[in-house]
Amino acid sequence: MHRLFTVGVGVSLFFGACSTLPPKAGYPDIIEVRFKAGRDSIIETFKTVLYNNGYAVATFSPDEGIIETDWKHVKKGISCCVYVWDGVKDAKMKVTAYVGRVEGDTLNYIKVQGVLKVLGPRPWDNEYQTRPVKKGSPYYKELEKLVLELENKLGEKGKYESFKRNVLLK
């Protein structure tokens, strides 16, 4: 939140706070989507989606259904420019996905979450801070975009557990 204070006659001071940065503590918000497609098909298709969007898969465990990417630099001014004005010098994002099946359910699920590493702002200049990706942030929209692309490649619309589809289309 930015505040404008008037000091004396006609002199204004502008103070900016880091309120637009994601919270430092807590857990990332998860997007959970269920598909009729097979578990192996979901894993392979999501790996392709990640590679097509510039994420290199670092950890891949098909038996456990875990996919984790390396840190990807997020370009300033394209989809995640909100934090630039708060002094962030560099931003990186890591995506983790879990693929499996709930007992008694006929559908397979994928749970997608993200974690940020941001350089700055004050008072942490030149130190990376790790923060969870939360709903409503430009970084969360990046995760939603990956899920939509997964739907397109699988050829079916998923059943969403964690967010409403009309939020994606805004």
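The values are calculated or read from the model by the stated rules, or taken from the named source; none is laboratory data. Every value quoted in this text rests on a predicted model; they were computed, and no experiment measured them. For neighbour counting, all protein chains shown are included, and Cβ atoms are generated from backbone atoms with ideal geometry for every residue, glycine included.
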| Which pairs have Cβ atoms under 6 Å, sit 6 or more apart or on different chains, and link a residue in the stretch 89-113 that is under 21 Å from residue 52 (Cα atoms) and at pLDDT below 90 to one that is β-branched (Val, Ile, Thr) and in a loop (DSSP other than H, G, I, E, B)? | 91/74
| field | Hey, residue 63 surrounded by fewer than 16 Cβ atoms within 10 Å (Cβ to Cβ) and either under 19 Å from residue 26 (Cα atoms) or at pLDDT 85 or above (or both) or not | value | yes
